[in-house]
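Working notes, beginning with the structure itself.
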Amino acid sequence: MAAARGLSLSAAALRAVTPWWRSRLLGASARPQALRAASSSSPEAGEGQIHLTASCVQRLLEITQGSEFLRLEVEGGGCSGFQYRFSLDTVINPDDRVFEQGGAKVVVDSDSLAFVKGAQVDFSQELIRSSFQVLNNPQADKGCSCGSSFSVKL
């Protein structure tokens, strides 16, 4: 599905969704709890990590081919100052951090990592859209009603 290749939402948008759809669309194995991601570039547990949920891992394994991975970037813009951007990529740059869980990879550049460290990456399926999204971002102060932007804690 081409729609899943570049969509993003904030945690506020996910909280508005009732949990009944998870069990019906994703099955019992895709629970909302996050799975711990293993970083290929940092041995310390938890600090500077990105955590992948089971639904994120499952969807990435379905849509990626060969050396493809999900790239998460934070860029200026949106209603609150910053926004998440997801894309599929095949090139790992020298300043990238790679987080892998069950064969699925999420890559974050070092500048963006400062804005999302400790957050969870999830895949959500709703009746009107399917998207990757950042949940429980400890670096975000608040999000905006559009569901795709956030402001950072100072």
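Can you send over the solvent-accessible area of Val74, 1.4 Å probe, protein chains only, in Å² to the nearest 10?
Roll a 1.4 Å probe over it and Val74 shows about 20 Å².
How about the stretch 48-154: which trypsin sites (Lys or Arg not before Pro) there are in a DSSP loop, with at most 16 other Cβ atoms within 10 Å of their Cβ?
Qualifying residues, ordered by number: Arg129, Lys153.
Around Arg71, with a cut-off of 9 angstrom between Cβ atoms, what is the net charge of the other residues, counting Lys and Arg +1 and Asp and Glu -1?
Value of the local net charge: -3.
Taking a ≥ b ≥ c as the square roots of the Cα gyration tensor eigenvalues, with a/c under 1.5 meaning rounded and otherwise prolate when a/b beats b/c, else oblate, which class fits the stretch 71-154?
On the way: a/c = 1.78, a/b = 1.19, b/c = 1.49.
Verdict is oblate for the stretch 71-154.
Sum up the charges of everything whose Cβ sits under 14 Å from the Cβ of Pro94, counting Lys and Arg as +1 and Asp and Glu as -1, but leave Pro94 out. Don't skip to the end; give the middle numbers.
Details: positive: Arg97; negative: Asp95, Asp96, Asp109, Asp111.
Spelling it out: positives minus negatives among the neighbours equals -3.
The values are calculated or read from the model by the stated rules, or taken from the named source; none is laboratory data. Nothing here was measured: the structure is a model prediction, and the numbers come from that model. With ideal geometry, Cβ positions are generated from the backbone for all residues, glycine too; neighbour counts draw on all protein chains shown. Side chains included, ligands, DNA and RNA excluded: accessible areas come from the protein's heavy atoms. Shrake-Rupley method; radii C 1.70, N 1.55, O 1.52, S 1.80 Å.
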